[in-house]
Every structure is written in structure tokens, then in C-alpha cells.
1. Only residues that are open to solvent by less than 70 Å² (accessible area, probe 1.4 Å) and closer than 22 Å to VAL222 by Cα: list them for segment 30-52, please.
2. Determine, yes or no, whether TRP283 is in contact with a Phe, Trp or Tyr (Cβ under 6 Å, 6 or more places away or on another chain), hydrophobic (A, V, I, L, M, F, W, C) and under 18 Å from VAL198 (Cα atoms).
3. Which residues, taken from segment 1-29, are open to solvent by less than 70 Å² (accessible area, probe 1.4 Å) and not in a helix (DSSP H, G or I)?
4. Among the residues of segment 132-145, is any crowded, with 18+ Cβ neighbours inside 10 Å and touching a Leu at 6+ places or on another chain (Cβ under 8 Å)?
5. Filter segment 179-219 down to the residues that are in a helix (DSSP H, G or I), of a type in the set (A, V, I, L, M) and under 19 Å from CYS272 (Cα atoms) and list them by number.
6. Considering only segment 90-98, I want to know if a residue exists there that is closer than 22 Å to PRO193 by Cβ, touching a strand residue (DSSP E or B) at 6+ places or on another chain (Cβ under 7 Å), at pLDDT 80 or above and part of a loop (DSSP other than H, G, I, E, B).
7. Is there a residue being crowded, with 22+ Cβ neighbours inside 10 Å and hydroxyl-bearing (Ser, Thr, Tyr) anywhere in segment 152-160?
8. Quick test of your reading of the structure: ARG219 fulfils all but one of (1) open to solvent by 20 Å² or more (accessible area, probe 1.4 Å); (2) assigned by the TED database to the domain that holds GLU120; (3) in contact with a strand residue (DSSP E or B) (Cβ under 8 Å, 6 or more places away or on another chain); (4) modelled with pLDDT of 90 or more. Name the failing condition by number.
Amino acid sequence: MLKETFYEYVQKRGISRKDFLKFCTAITAMMGLDASLTPKVVEALETKERIPVIYKHFQECTGCSESFIRTAHPVVADLILDMISLDYHDTLMAAAGHQAREAAHMTKEKYKGGYILACEGSIPLADGGIHSMVDGKTQLELFREYEKDCMAIIAYGSCAAFGNVQAAHPNPTQATPIYKLTNKPVINVPGCPPIAEVMAGVITHILTFGIPELDIRKRPKVFYRHRIHDNCQRRPFFDAGMFVESFDDEGAKLGWCLYKMGCKGPVTYNSCANMKWNEGTCWPVESGNPCLGCSEDNFWDFGPMFTTLAQVPGTNIIYNPDKVGAAVVGAAAAGVAVHAAATVVVEKMKKDKDTTTSVADQQNKGVSK
């Protein structure tokens with residue numbers, strides 16, 4: 001391992017104690033942790049050694065790396081790459097050719113069993129892997145070269161996590177997700193691309209607390225424990241049966257639910273609605289586009305993009321928005337009827353009471369005379 005903690009490193013870079021504490025506060029929030037745990041993050045970054053990372057690209061578009069370097073928090077953007085020793089990255093490194101390969105090889109040899117392998121993209125296996133090669137080697141050969149001595153693997157993006165568009169039917173290159181090719185611990189960070197702060201948060205969690213708790217798809221629960229649907233600001237319209245019927249109708253202008261337009265939010269787990277995009281200003285559903293389910297396995301094979309989940313075979317979604325909408329209206333009508341009936345009963349009771357009171361008053365007056 002490197003003989004230098006993260007805090008020692010940033011001190012040498014001229015980072016003030018104040019900025020360091022700001023970073024710890026921001027990254028604690030990103031990891032979904034309570035603010036009371038910030039001191040533990042501070043302690044971990046002050047005492048634990050930086051982790052070497054080799055970041056390899058396979059069959060992908062580099063969109064995940066583009067997302068990674070565009071986190072909305074300036075302090076995090078400045079420091080997150082200092083937290084780790086990013087010894088090799090096809091896109092971000094200054095070196096090229098044999099110098100780049102030597103840097104990765106030196107890290108691999110020097111820190112056997114102590115470095116993280118970050119992967120972006122799926123690995124093609126068809127026809128001996130010839131559909132994507134670098135320097136005369138197949139992607140599988142390159143993966144094996146660095147996978148065998150790493151401590152853990154982070155699969156950044158839906159291509160690495162699940163195969164994504166390359167693995168869509170009929171998957172001509174036999175694109176294969178990383179977790180199916182190794183016995184090493186794998187953390188899937190899906191999304192097309194993943195949220196920058198989620199990518200940063202996973203690295204931080206490994207450094208401070210170790211590998212995070214994962215769900216059945218190997219995604220860190222801290223970022224993928226809620227459905228898009230659960231935190232969507234359009235959810236009240238869903239519950240009320242108020243749906244956009246076309247992208248230019250009145251409901252679209254008023255921000256109604258996009259379920260009928262193919263929104264996959266009810267079956268998609270991610271932090272989009274909480275963290276948002278573009279410096280935390282917006283996210284696709286808020287902008288008027290239905291969730292495509294990009295952090296779920298095989299989302300490219302869900303069916304036509306704007307098809308409701310009720311029409312997609314195999315999703316086990318039986319929800320019919322028309323019936324629910326009608327049920328909501330029916331319930332409202334029934335409520336009005338019940339209220340009206342109750343009002344009649346109450347008015348009758350009041351009338352009977354008034355009549356009884358009036359008779360009693362007259363009888364009392366007769367007695368007094």
C-alpha cells in the first residue's frame with residue numbers, strides 16, 4: 001500500500017484544513033450517511049492510506065468517465081482524484097503508449113492484492129473476443145491481467161454492471177458484464193451514465209468503511225435502496241390517476257405523471273430524484289422525460305421506450321393507469337355520496353332534536369301557566 005494518508009497528501013498540495021473538512025462533510029452527505037458520522041469520515045481520511053486504482057475501459061462510450069469528472073461539488077471535484085492513486089486511466093492520464101502501460105504494470109506488481117480495479121464497459125466474448133482489442137490483446141485478456149491481483153472491482157456504468165446496449169438482443173458480440181467473469185468482490189454502480197456523486201461516494205465508502213452493503217444486483221444499497229417512483233415529485237399525480245397522455249398535452253405542461261409515456265420509475269432503483277443532475281438542478285423526469293430504467297438489468301430489452309410497464313412482458317406489472325384513474329374518480333364520487341348521505345342524516349338528527357326541543361318548551365310553558 002502507499003505510505004501516505006489522504007490527509008497528508010492533500011496537505012502537501014496546499015489544501016487547507018477548512019477545505020478538507022468541507023470535503024468530508026460533502027462526501028458524508030453523498031454516501032447517504034447521517035451528519036453525526038462526519039467525524040468518522042474525517043478520522044478515516046486522516047489515518048488510512050490512499051488506495052491505488054487502475055481504471056480500465058472496455059466496450060463502452062466513456063460517458064461514465066465524463067460523468068465522474070463532472071461532480072457538482074467543487075471541493076469534491078478537486079479532491080476526489082487525490083483521495084485515490086489513479087495510476088492508470090485511458091481518458092484522464094497524460095501518458096500514452098508504452099509509458100501508460102508501464103504505469104499500470106508497475107502499480108499491479110507493486111500493490112498486489114491491494115489495489116482497486118475500476119472497469120467501464122462490458123467485455124465481448126464472441127469469436128474469441130476479436131470484436132474489441134487493444135494492442136493485439138482481447139478485452140478479456142486485458143481484464144484478466146489486472147483482475148487476478150486486485151482487492152475488489154468497481155463496475156462503473158450499466159455496460160460494466162449489466163452489459164447495457166451492447167448486450168441488448170441479440171447481443172452479437174456476446175457482451176458480458178464484469179461480475180460474471182470473476183470471483184473477486186464486485187460493486188456494481190449502474191446508470192447510463194451513473195451519477196457523478198454516486199461514483200465518488202462509492203470510492204469514498206471503500207476507503208473509509210470498506211465495501212458497502214450490496215443488494216441482490218451487487219449495487220450499494222446506500223445509493224440504490226429506493227425506487228425512482230418513491231421520491232418522484234410527480235408521484236402525487238400518479239396516486240391521483242392524473243397522467244400525461246402525450247408530450248404536448250395540458251397534463252405535460254402541468255407536470256402530471258409520465259407513467260403512460262413509458263416511465264420505468266416504479267421498477268428502477270437509483271438516486272436521481274434525490275441527488276439530481278446538472279449541479280443538482282434537475283433530472284430527466286423533472287424535465288419531462290420518462291425514466292428509462294437505465295440502472296436496471298437489461299433495460300434496453302424492456303420494450304419500446306415509451307411503452308408502459310403494464311404492456312412489457314415479464315415485468316410482472318399489472319397496473320392499469322386507466323382503471324386506477326377511474327378508481328380514484330370513483331372513490332372520490334363515492335366519498336362525495338357518503339358525505340352527502342352523512343350530511344342528510346346529521347341534518348335530520350338536528351331537525352329531530354330541534355322539534356323535540358320545541359315540543360318540550362311548549363309543554364314547559366303550559367305547566368308554568
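The values are calculated or read from the model by the stated rules, or taken from the named source; none is laboratory data. Owing to the predicted nature of the structure, the values given are computational and were not obtained by experimental measurement. In this analysis, Cβ positions are derived from the backbone assuming ideal geometry, glycine residues included, and neighbour counts consider all displayed protein chains. Calculation scope for accessible area: heavy atoms of the full protein, side chains included, ligands and nucleic acids excluded. Shrake-Rupley method; radii C 1.70, N 1.55, O 1.52, S 1.80 Å.
1. Within segment 30-52, the subset open to solvent by less than 70 Å² (accessible area, probe 1.4 Å) is 30-33, 37-38, 41-42, 44-46, 50-52.
Within segment 30-52, MET30, MET31, GLY32, LEU33, LEU37, THR38, VAL41, VAL42, ALA44, LEU45, ILE51 qualify.
2. On the way: in contact with a Phe, Trp or Tyr (Cβ under 6 Å, 6 or more places away or on another chain): yes; hydrophobic (A, V, I, L, M, F, W, C): yes; under 18 Å from VAL198 (Cα atoms): yes.
Spelling it out, TRP283 is indeed in contact with a Phe, Trp or Tyr (Cβ under 6 Å, 6 or more places away or on another chain), hydrophobic (A, V, I, L, M, F, W, C) and under 18 Å from VAL198 (Cα atoms).
3. LEU2, GLU4, THR5, GLY14, ILE15, SER16
4. Initially, segment 132-145 is screened for residues crowded, with 18+ Cβ neighbours inside 10 Å, giving 132, 138-140, 142-143.
The next check asks that each one be touching a Leu at 6+ places or on another chain (Cβ under 8 Å); those that pass are 140, 143.
Checked segment 132-145: at least one residue is crowded, with 18+ Cβ neighbours inside 10 Å and touching a Leu at 6+ places or on another chain (Cβ under 8 Å).
5. ALA196, VAL198, MET199, ALA200, VAL202, ILE203
6. no
7. Step one: of segment 152-160, the residues crowded, with 22+ Cβ neighbours inside 10 Å are 153-160.
Now drop any that are not hydroxyl-bearing (Ser, Thr, Tyr), which leaves 156, 158.
The answer is yes; a qualifying residue exists.
8. (1)
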